[in-house]
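So the structure is just underneath, and the comments pick up after that.
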Amino acid sequence: MTSFATPLPHIWVDQDDQLAALCRQWQQLDELAMDTEFIRTDTFFPRPALLQVGDGAACYLLDVLALQDLEPLKKLLAEGPLKVFHSCSEDLEMLAHWLDVLPQPLVDTQLAAAFALQDAGMGYQRLVEDLLGLKLEKGETRSDWLQRPLTASQQKYAAQDVEYLLPVWHQLKDKLQQLGWLDAVLEESRWLVTEAEAQSSDQAWLRLKQAWQLNAQQLAVLQALSLWREETARVKDRPRSRVAADALLQALAARQPEEVADIARLEEATPGWVKRYAQEVLEVIAQASQLSEEQWPQERVSPISKEYKTTRKQLRQALAEEAKELELPQELLARRKQQDAWLQDLLTGQVPEVSEQCPAWRRERLLSVLNRLQVDTP
């Protein structure tokens with residue numbers, strides 16, 4: 001058994017020539033452990049602070065605030081060794097915005113653990129403890145990663161995020177090979193990258209949980225307002241909620257004010273917000289109000305209605321049966337957001353879709369489930 005009594009060296013990287021030499025060295029390897037640290041408290045995009053790399057011999061802490069020539073790193077991310085991450089969705093978003101590149105090939109150990117251990121959503125610390133018998137500290141989880149210099153405690157915490165990732169992956173990989181799920185995990189990991197590439201602002205309105213209260217015409221306005229918020233948040237690099245709260249967008253779509261004074265009377269609109277955004281929003285509402293009925297979104301079915309609850313129960317039961325047969329967690333078959341979209345389709349007489357790019361093993365199962373439910377749904 002591998003001994004972890006002696007921690008791997010932690011090497012700080014803040015020189016371009018140092019990074020270039022390391023990237024040439026890493027390109028020759030089969031796999032690398034990777035993680036990121038960033039801050040996202042008052043911005044739309046994550047602010048990169050640190051990139052950690054583990055090659056099995058040492059843990060490297062890349063100071064992204066100091067490094068200037070990032071081309072060797074971009075090349076490493078886009079090709080070469082397998083990049084091993086844990087719960088990588090936010091890492092992918094950070095790397096896509098910072099470097100305009102997504103890591104390939106890639107595998108996610110949280111995803112691998114769901115297949116190998118039948119435990120979805122497993123955290124890194126618990127995975128390390130369960131597989132390697134090591135208890136890691138969690139004290140720096142909400143640390144200020146943009147400060148320099150980082151404390152010794154911060155550097156230790158950051159390094160540990162990649163120090164044990166390769167040994168964890170090796171154990172999971174052996175288990176996946178025994179179970180016959182290794183190819184599926186690699187395919188699902190590729191799908192994570194595909195989804196990250198396909199992020200779109202057009203469906204931002206579906207984030208609003210109370211949209212079902214609006215009619216089709218009001219939804220058209222809500223859709224336009226949500227797109228405006230998304231684009232404004234991106235341009236200003238501000239959180240969506242700082243641009244406009246969900247409740248405010250809902251009220252604007254429902255009432256569709258025509259004057260600044262009308263907006264000012266809304267309980268959800270503060271005087272500062274009215275001064276900053278009211279005129280822009282009036283133009284968005286006016287344009288959306290001119291859309292023809294054919295351009296309106298499909299009305300949403302109330303989630304508190306009897307038919308919604310019945311169909312949701314049928315869908316979850318069907319997915320649970322498929323998962324039980326596969327001996328996998330139900331969460332691997334379909335996320336809640338996807339299930340919600342299928343429910344709306346089933347209840348409004350539309351054909352639920354499963355992307356053709358969805359991993360084949362899962363797509364076949366999902367199509368079978370949805371076809372059965374289409375027959376049963378009135």
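The values are calculated or read from the model by the stated rules, or taken from the named source; none is laboratory data. Remember, predicted model here, so these are calculated numbers, not experimental data. Cβ: placed from backbone, ideal geometry, glycine included. Neighbour counts: every protein chain shown. All accessible areas refer to the heavy atoms of the entire protein, side chains included, with ligands and DNA or RNA removed. Shrake-Rupley method; radii C 1.70, N 1.55, O 1.52, S 1.80 Å.
Looking only at the stretch 218-244, which residues are among the β-branched types (Val, Ile, Thr) and surrounded by 21 or more Cβ atoms within 10 Å (Cβ to Cβ)? Answer for the stretch 218-244, where residues must be among the β-branched types (Val, Ile, Thr) and surrounded by 21 or more Cβ atoms within 10 Å (Cβ to Cβ): Val221, Val243. Only one of the numbered conditions (1) more than 15 Å from Gln298 (Cα to Cα); (2) in contact (Cβ under 8 Å) with a residue 24 or more places away in the chain is not met by Leu206, and that is (1). Of the residues making up the stretch 111-128, those that are open to solvent by 80 Å² or more (accessible area, probe 1.4 Å) and closer than 25 Å to Pro7 by Cα number 1. Of the candidates Leu127, Leu192, Leu111, the single residue that is more than 25 Å from Gln357 (Cα to Cα) and in contact (Cβ under 8 Å) with a residue 12 or more places away in the chain is Leu127. Checking the structure you have, find out if any residue of the stretch 280-298 is at pLDDT below 95 and in contact with a helix residue (DSSP H, G or I) (Cβ under 6 Å, 6 or more places away or on another chain). Within the stretch 280-298, one or more residues are at pLDDT below 95 and in contact with a helix residue (DSSP H, G or I) (Cβ under 6 Å, 6 or more places away or on another chain).
For the stretch 308-324, the condition holds for no residue, the condition being that it is among the basic types (Lys, Arg), in contact (Cβ under 8 Å) with a residue 12 or more places away in the chain and not in a helix (DSSP H, G or I).
Every listed requirement among (1) closer than 16 Å to Pro329 by Cα; (2) touching a Phe, Trp or Tyr at 6+ places or on another chain (Cβ under 7 Å) is met by Leu132 save one, (1).
Residue-by-condition table, conditions (1) basic (Lys, Arg); (2) closer than 19 Å to Gln217 by Cα; (3) open to solvent by 60 Å² or more (accessible area, probe 1.4 Å); (4) under 24 Å from the mean Cα position of the chain (by Cα):
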{"site": "Val281", "(1), (2), (3), (4)": "no, yes, no, no"}
{"site": "Glu299", "(1), (2), (3), (4)": "no, yes, yes, no"}
{"site": "Glu307", "(1), (2), (3), (4)": "no, no, yes, no"}
{"site": "Leu315", "(1), (2), (3), (4)": "no, no, no, yes"}
{"site": "Glu325", "(1), (2), (3), (4)": "no, no, yes, no"}
{"site": "Gln330", "(1), (2), (3), (4)": "no, no, no, yes"}
{"site": "Leu333", "(1), (2), (3), (4)": "no, no, no, yes"}
{"site": "Arg336", "(1), (2), (3), (4)": "yes, no, yes, yes"}
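Counting only strands (runs of 3 or more DSSP E) that fall entirely inside the stretch 1-97 and contain at least 3 residues that are of a type in the set (A, V, I, L, M) and either in contact (Cβ under 8 Å) with a residue 12 or more places away in the chain or surrounded by 16 or more Cβ atoms within 10 Å (Cβ to Cβ) (or both), the qualifying elements are 31-39, 47-54. You will find that of Ala247, Ala198, Ala211, the residue that is open to solvent by less than 50 Å² (accessible area, probe 1.4 Å) and not aromatic (Phe, Trp, Tyr) is Ala211 and no other.
Taking the conditions exactly as written (farther than 30 Å from Cys59 by Cα, within 19 Å of the chain's Cα centre (by Cα) and modelled with pLDDT of 95 or more), does Arg207 satisfy them or not? When the stated conditions are applied, Arg207 does not pass them. When you look at Ser189, is it open to solvent by less than 10 Å² (accessible area, probe 1.4 Å), hydroxyl-bearing (Ser, Thr, Tyr) and within 30 Å of Phe115 (Cα to Cα), yes or no? Yes; evaluated as a whole, the condition is true for this residue.
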